[in-house]
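Asker: Pasting a structure below so you can have a look.
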Amino acid sequence: MRTQTLTPPRLSPEQVARYHHEGYLIYPEAVLPEAKFAALKAHFERKLAALPPDARPESMDVPHFTDVALFEWLFADEILDLVEPITGPDIALFSSHFICKPKGDGKRVPWHEDSAYWKTMLPTMDTLVTVWLAIDASLPINGCMNVIPRTHREGQSGFSDYEAVDTAKNVFSTEIIQPHRDQSKAVPCILEPNHASLHDSRLIHGSAPNTSNLRRCGYTMRFMSSRLKLTETARAYHQIYLARGHDLAGQEYGDPTQPATELLARRKAMGKKGH
């Protein structure tokens, strides 16, 4: 059990209702204290500078598996107090991902539901929420995320059909087929640095390429109720961490003080790429 805090939730009942109705929520306020956000951005800049020359910055997946310093922010009360009104007080960290679109040639993120990529990992995804924390300003000009509201109600775990897309231009290899998405209803998630959006794992979303002279980076932190249990299939290449409260599913958790180097190697050997 990780320590339960007594800090009040950061979302009002109206905001929680809006999240459940629309499938997403913009949080247009500072998420982290200024010094804590500056430390996260500096930490990211060092990671970015250390990438191999052939590595794309959009694909910094599960960095917390080997960079345990990230738990300082992943388990921060400021983050978990945003999540708790949606997941409940017993919270597991499902995953995290830096997705950084460099200026000029940042790749497009095709239209997708997160749940389509995770459908063999969890029995249901009704409490799985992503906190998309803006490291840079996220604007239409540099390829901010766009969401299609209320599509999380239409199904889960890959409700839509997908087709292959060019990975030279897209972050992922598949995209929801045109008949299953109505882009005319898309809404841009415009964020200042240290602001955030939250979205349901079943919501259809995507983003345009970044051809501007402004970088666009966000840190996605993905949480769920600890009552959800990883499948046997998923445990071969993935692990979750108890972030707050109690375990409700009788499952094993990763140790946030120890790098999961062997697990990451196994993941790569299996060809598993996260999101």
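Asker: Filter region 143-175 for residues that are charged (D, E, K, R) and farther than 24 Å from ASP105 by Cα; which is modelled with the lowest pLDDT?
Answerer: Step by step, filter region 143-175, then rank; the result is GLU154.
Asker: Which of the residues spanning region 107-126 are of a type in the set (Ser, Thr, Tyr) and outside any loop (DSSP other than H, G, I, E, B)? Write out each step before concluding.
Answerer: First, the residues of region 107-126 that are of a type in the set (Ser, Thr, Tyr): 115, 117, 120, 124.
Listed by number, the residues that qualify are SER115, TYR117.
Asker: Residues in region 43-64 that are charged (D, E, K, R), over 24 Å from PHE75 (Cβ atoms) and touching a strand residue (DSSP E or B) at 6+ places or on another chain (Cβ under 6 Å): how many? Step through it out loud before you land on a result.
Answerer: First, pick out the residues of region 43-64 that are charged (D, E, K, R): 45-47, 54, 56, 58, 61.
Remaining after also requiring over 24 Å from PHE75 (Cβ atoms): 54, 56, 58.
Then keep just the ones that are touching a strand residue (DSSP E or B) at 6+ places or on another chain (Cβ under 6 Å); that gives 58.
Total meeting the criteria: 1.
Asker: Oh, and also: Restricting attention to region 209-236, which residues are over 14 Å from ALA134 (Cα atoms), touching a Lys or Arg at 6+ places or on another chain (Cβ under 9 Å), surrounded by fewer than 19 Cβ atoms within 10 Å (Cβ to Cβ) and of a type outside the set (Ser, Thr, Tyr)?
Answerer: PRO209, ASN213, ALA236
Asker: Still on this structure: Taking HIS205 as the residue in question, decide whether it is modelled with pLDDT of 95 or more, part of a strand (DSSP E or B) and under 26 Å from PHE172 (Cα atoms).
Answerer: Working: modelled with pLDDT of 95 or more: yes; part of a strand (DSSP E or B): yes; under 26 Å from PHE172 (Cα atoms): yes.
Yes; evaluated as a whole, the condition is true for this residue.
Asker: Next question. Does any residue in region 243-255 that is more than 23 Å from GLU232 (Cβ to Cβ) come within less than 8 Å, Cβ to Cβ, of a residue that is among the aliphatic types (A, V, I, L, M) and in a loop (DSSP other than H, G, I, E, B) six or more places away or on a different chain, and which pairs are these?
Answerer: GLY245/MET1
Asker: Among residues belonging to region 78-135 that are charged (D, E, K, R), farther than 19 Å from LYS273 by Cβ and at pLDDT 95 or above, point out the one that is surrounded by the fewest Cβ atoms within 10 Å (Cβ to Cβ).
Answerer: The first filter runs over region 78-135 and keeps only residues charged (D, E, K, R), leaving 78, 81, 84, 90, 101, 103, 105, 107-108, 113-114, 119, 126.
Retained after the next criterion (residues that are farther than 19 Å from LYS273 by Cβ): 78, 81, 84, 90, 103, 105, 126.
Subsequent filtering for residues that are at pLDDT 95 or above retains 78, 81, 84, 90, 103, 105.
Working: GLU78: 15, ASP81: 17, GLU84: 24, ASP90: 22, LYS103: 15, ASP105: 11.
Filtering first and then ranking leaves ASP105.
Asker: What are the residue pairs meeting all of these: first residue in region 107-128, first residue in contact (Cβ under 8 Å) with a residue 40 or more places away in the chain, second residue of a type in the set (Lys, Arg) and assigned to a strand (DSSP E or B), Cβ atoms under 7 Å, and 6 or more apart or on different chains?
Answerer: LYS107/LYS101; LEU128/ARG222
Asker: While we're here: Return only the number of the condition from (1) among the polar types (S, T, N, Q); (2) surrounded by fewer than 22 Cβ atoms within 10 Å (Cβ to Cβ); (3) over 21 Å from ALA69 (Cα atoms) that GLN239 does not satisfy.
Answerer: (3)
Asker: Looking at (1) of a type in the set (Lys, Arg); (2) loosely packed, with under 15 Cβ neighbours inside 10 Å; (3) modelled with pLDDT under 95, find the lone condition where ARG46 falls short.
Answerer: Only one criterion is unmet by ARG46, namely (3).
Asker: Given the structure, is PRO9 over 17 Å from the mean Cα position of the chain (by Cα), modelled with pLDDT under 95, over 29 Å from ASN210 (Cα atoms) and not aliphatic (A, V, I, L, M)?
Answerer: Details: over 17 Å from the mean Cα position of the chain (by Cα): yes; modelled with pLDDT under 95: yes; over 29 Å from ASN210 (Cα atoms): yes; not aliphatic (A, V, I, L, M): yes.
Yes.
Asker: Looking for something crowded, with 18+ Cβ neighbours inside 10 Å and over 27 Å from LEU70 (Cβ atoms) - is there at least one such residue anywhere in region 141-148? Spell out how you get there, then give the answer.
Answerer: Narrowing region 141-148 to residues crowded, with 18+ Cβ neighbours inside 10 Å: 142-148.
Next, from what is left, pick out any that are over 27 Å from LEU70 (Cβ atoms): 148.
Checking region 141-148: at least one residue is crowded, with 18+ Cβ neighbours inside 10 Å and over 27 Å from LEU70 (Cβ atoms).
Asker: With respect to the numbered conditions (1) out of contact with any strand residue (DSSP E or B) (no Cβ under 8 Å at 6 or more places or on another chain); (2) assigned to a strand (DSSP E or B), which one is the sole condition not fulfilled by ARG266?
Answerer: In the conditions (1) out of contact with any strand residue (DSSP E or B) (no Cβ under 8 Å at 6 or more places or on another chain); (2) assigned to a strand (DSSP E or B), ARG266 misses (2) alone.
Asker: If the requirement is being among the polar types (S, T, N, Q) and in contact with a strand residue (DSSP E or B) (Cβ under 7 Å, 6 or more places away or on another chain), which of these qualifies: SER184, SER226? Before you say what the answer is, go through the steps one by one.
Answerer: Details: SER184 fails: in contact with a strand residue (DSSP E or B) (Cβ under 7 Å, 6 or more places away or on another chain).
Testing whether each residue is among the polar types (S, T, N, Q) and in contact with a strand residue (DSSP E or B) (Cβ under 7 Å, 6 or more places away or on another chain) leaves just SER226.
Asker: When region 176-201 is examined, which residues are found to be modelled with pLDDT of 95 or more and of a type in the set (D, E, K, R)?
Answerer: Result: LYS185, GLU192, ASP200.
The values are calculated or read from the model by the stated rules, or taken from the named source; none is laboratory data. Here the structure is a predicted model, which is why all the values come from computation and not from measurement. For neighbour counting, all protein chains shown are included, and Cβ atoms are generated from backbone atoms with ideal geometry for every residue, glycine included.
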